[in-house]
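A short write-up of the structure that comes next.
The values are calculated or read from the model by the stated rules, or taken from the named source; none is laboratory data. It should be emphasised that the depicted structure is a prediction, and the values quoted were computed from it without experimental measurement. In this analysis, Cβ positions are derived from the backbone assuming ideal geometry, glycine residues included, and neighbour counts consider all displayed protein chains.
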Amino acid sequence: MLIHETAFLTCAYRSSHPDISKDIYAALYTQEQTMLWVQKITEEVSDWEPLLHCFRNRYFYDALNTFLNEQPDGIIVNMGAGFSMYPYLLGPNTVAIDVDQADIIQYKEKTLQHWIQEGLLPERNIQYYTADFRADDLSDMINDLVTLIDGRPSFFILEGVLYFLSKEVTHRLFDALAAIQVRGSLLGCVSFLPEAMETEVQVRLNTFFDKYNLAGDSFSHQMLSHESYHNRNGYRLLEHQDYMTLGKKYAPDLATYSKSEILNENMYLLVRE
Ligand SMILES: C[S@@+](CC[C@H](N)C(=O)[O-])C[C@H]1O[C@@H](n2cnc3c(N)ncnc32)[C@H](O)[C@@H]1O
């Protein structure tokens, strides 16, 4: 599996409970091959993954709604956007930039255009930007995004991406984000805690990606501590959630898992100071 194929996976997860995830369009991306991957992961790693990803999407959907209510001229920038559909789930005036690698951006732009023409999706003001965060020099991306954002408050999302990046790339990327975002802008991040590395389910996930990484893409298995978010240059931590708190909030009847049996991702909301 290539890293960009994981975007189909998270999309398939979100389509499992659209009432919870609020992603009513995720099912458009359903593919037979992806459903086979979902079956393998739920069997070999954890069968909680689809539900948990619905909680993740719902968390950012709610946070983006709050942001846009408070900052009507705000702009959403999804870094490693994959097939996330937030701009289509939010109001018609939503302005967004999707950033990802070339193959994802090309495929997404083409399919969205097609679905809009078919009347399956509403029109939205979205710009597509191709970048590889592993590039040694991110100055072109910084300059281009500064120009596109044009001084507006932004909500950047790093969802399902940090796990795949190295420590060095992550540092460079956070510095780039601090250079792009104006004061008061928000940054949402998702990552695993280093202590989760000990859990059987986390070992199963890492083994799974290594086992099926047929093309030799670089899966870093990066884990980030709470402290790393307290010490991010230029940012202050506003909020932290995980699947224990989100499960209780969004679907207590379904979220009957214990912390040790799930891939417990942490959601962080930071503000640019
Ligand atoms: C698991 S998917 C998550 C997609 C989406 N954020 C979501 O939550 O559904 C990971 C995404 O990160 C992107 N990504 C991973 N490494 C990247 C890199 N070095 N540069 C740009 N995008 C990257 C992949 O192409 C893919 O779309």
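Structure notes:
- Subset of segment 23-63 (residues that are of a type in the set (Ser, Thr, Tyr), part of a helix (DSSP H, G or I) and under 29 Å from residue 90 (Cβ atoms)): 29, 34, 59, 61
- Condition met for residue 10 (within 15 Å of the ligand (Cβ to nearest atom), in a helix (DSSP H, G or I), more than 30 Å from residue 184 (Cα to Cα) and among the hydroxyl-bearing types (Ser, Thr, Tyr)): no
- Condition check for residue 258: exposed (fewer than 14 other Cβ atoms within 10 Å of the Cβ) and without any contact (Cβ under 8 Å) to a residue 24 or more places away in the chain: yes
- Counting the residues of segment 91-139 that are within 16 Å of the ligand (Cβ to nearest atom), touching a residue at least 40 places away in the same chain (Cβ under 8 Å) and assigned to a helix (DSSP H, G or I) gives 3.
- The lone exception for residue 146 - which of (1) touching a helix residue (DSSP H, G or I) at 6+ places or on another chain (Cβ under 6 Å); (2) modelled with pLDDT of 95 or more; (3) part of a helix (DSSP H, G or I); (4) within 15 Å of the ligand (Cβ to nearest atom) it fails: (4)
- Criterion (surrounded by 21 or more Cβ atoms within 10 Å (Cβ to Cβ), within 15 Å of the ligand (Cβ to nearest atom) and under 16 Å from the mean Cα position of the chain (by Cα)) met by exactly one of 26, 63: 26
- Scope segment 13-23; condition without any contact (Cβ under 8 Å) to a residue 60 or more places away in the chain, in contact with a helix residue (DSSP H, G or I) (Cβ under 8 Å, 6 or more places away or on another chain) and more than 10 Å from the ligand (Cβ to nearest atom); matching residues: 15, 16, 18, 21
- Checked against (1) touching an Asp or Glu at 6+ places or on another chain (Cβ under 9 Å); (2) closer than 25 Å to residue 141 by Cβ, residue 46 passes all but condition (2).
- Restricted to segment 11-32, and to residues there that are of a type in the set (S, T, N, Q) and modelled with pLDDT of 95 or more, the residue that is farthest from residue 50 (Cα to Cα) is 21.
- Any chance residue 57 is within 13 Å of the ligand (Cβ to nearest atom), out of contact with any strand residue (DSSP E or B) (no Cβ under 7 Å at 6 or more places or on another chain), under 30 Å from residue 151 (Cβ atoms) and not small (Gly, Ala, Ser): yes
- Counting only helices (runs of 4 or more DSSP H) wholly contained in segment 178-254, the ones carrying 3 or more residues that are touching a residue at least 60 places away in the same chain (Cβ under 8 Å) and at negative phi occupy 200-212, 243-250.
- Within segment 156-190, the set of residues being buried (at least 20 other Cβ atoms within 10 Å of the Cβ), of a type in the set (Ser, Thr, Tyr) and within 12 Å of the ligand (Cβ to nearest atom) comprises 163, 170.
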